[in-house]
C-alpha cells in the first residue's frame, strides 16, 4: 500500500513540476509525502524480514 502511495505521489509531483503550474512550495509537499511513504514502506518491509 505504501509503495503504491509513494509512486502516485512521485508521479503527481513530476506532473506538477513539468506542467509549470507550481503554486509556490505546495507541489514540493507531494515530494515530501512521497519520501515519507517510501520510508514507511521500506521500514515495514525490513521489520517483516527481521521478524
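The values are calculated or read from the model by the stated rules, or taken from the named source; none is laboratory data. For clarity, every value in this text was computed on a predicted model and none was experimentally measured. Using ideal geometry, Cβ is built from the backbone for each residue, glycine included, and neighbour counts are taken over all protein chains shown.
Overview of results
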quantity: Residue count, the range 2-43 (criterion: in contact with a helix residue (DSSP H, G or I) (Cβ under 7 Å, 6 or more places away or on another chain) and free of Cβ contacts under 8 Å to residues at least 12 places away in the same chain); calculated: 2
quantity: Any hit, the range 12-32, residues being in a helix (DSSP H, G or I), at pLDDT 85 or above and surrounded by fewer than 11 Cβ atoms within 10 Å (Cβ to Cβ); calculated: no
